[in-house]
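The values are calculated or read from the model by the stated rules, or taken from the named source; none is laboratory data. Here the structure is a predicted model, which means the values were calculated and not measured. Here the Cβ positions follow ideal geometry from the backbone for every residue, glycine too, while neighbour counts run over all protein chains shown.
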Amino acid sequence: MRVRRVPQRKCVACQEQRPKKELIRIVRTPAGEVLIDITGKKSGRGAYLCGKASCFLLAKKNRALDRALKVPVGGEVYDTLAQEFIRVEDEFRAYQASLPDDEEEEGGGA
Ligand SMILES: [Zn+2]
């Protein structure tokens, strides 16, 4: 029987491992902007947060994105991301629902 391996990623705020499709990607673009990346396809350094508002708040509290993105992220950027997340949450859920459950990890790995 073929073993399905669901790609796991760690939320940088609460440190929980979750299937990649349940996490929302935050990307630092080559231009230095910190943005929500719903589809996970933007180029730049990425960090993952649980798809829930509480982890955006937690990330702000413990400066998790500063560390994950290796750049100082201002408090106002965290606030903007949290508000943006609320705005795009429905779109994010719809995108999640469109993904297959057994998406293969790209490039193999451990
Ligand atoms: Zn989390």
Original post:
So, in the stretch 30-46, of the ones that are assigned to a loop (DSSP other than H, G, I, E, B) and touching a helix residue (DSSP H, G or I) at 6+ places or on another chain (Cβ under 8 Å), which residue ends up surrounded by the fewest Cβ atoms within 10 Å (Cβ to Cβ)?
Top reply: Thr39
Subject >> Those residues of the stretch 1-29 which are in a helix (DSSP H, G or I) and out of contact with any Cys (no Cβ under 9 Å at 6 or more places or on another chain), in sequence order >> reply: Lys20, Lys21
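Do the conditions hold for Val77, that is, is it crowded, with 17+ Cβ neighbours inside 10 Å and more than 16 Å from the ligand (Cβ to nearest atom)?
Yes; evaluated as a whole, the condition is true for this residue.
From the list Leu65, Leu69, Leu49, which residue is within 11 Å of the ligand (Cβ to nearest atom), modelled with pLDDT of 95 or more and crowded, with 17+ Cβ neighbours inside 10 Å?
Leu49
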Original post:
In the stretch 1-46, which residue that is near the ligand (Cβ under 10 Å from one of its atoms) and of a type in the set (Asp, Glu) is modelled with the lowest pLDDT?
Top reply: Glu22
Original post:
Which ones in the stretch 64-101 are farther than 18 Å from Glu33 by Cα and not hydrophobic (A, V, I, L, M, F, W, C)?
Top reply: Arg87, Glu89, Asp90, Glu91, Arg93, Tyr95, Gln96, Ser98, Pro100, Asp101
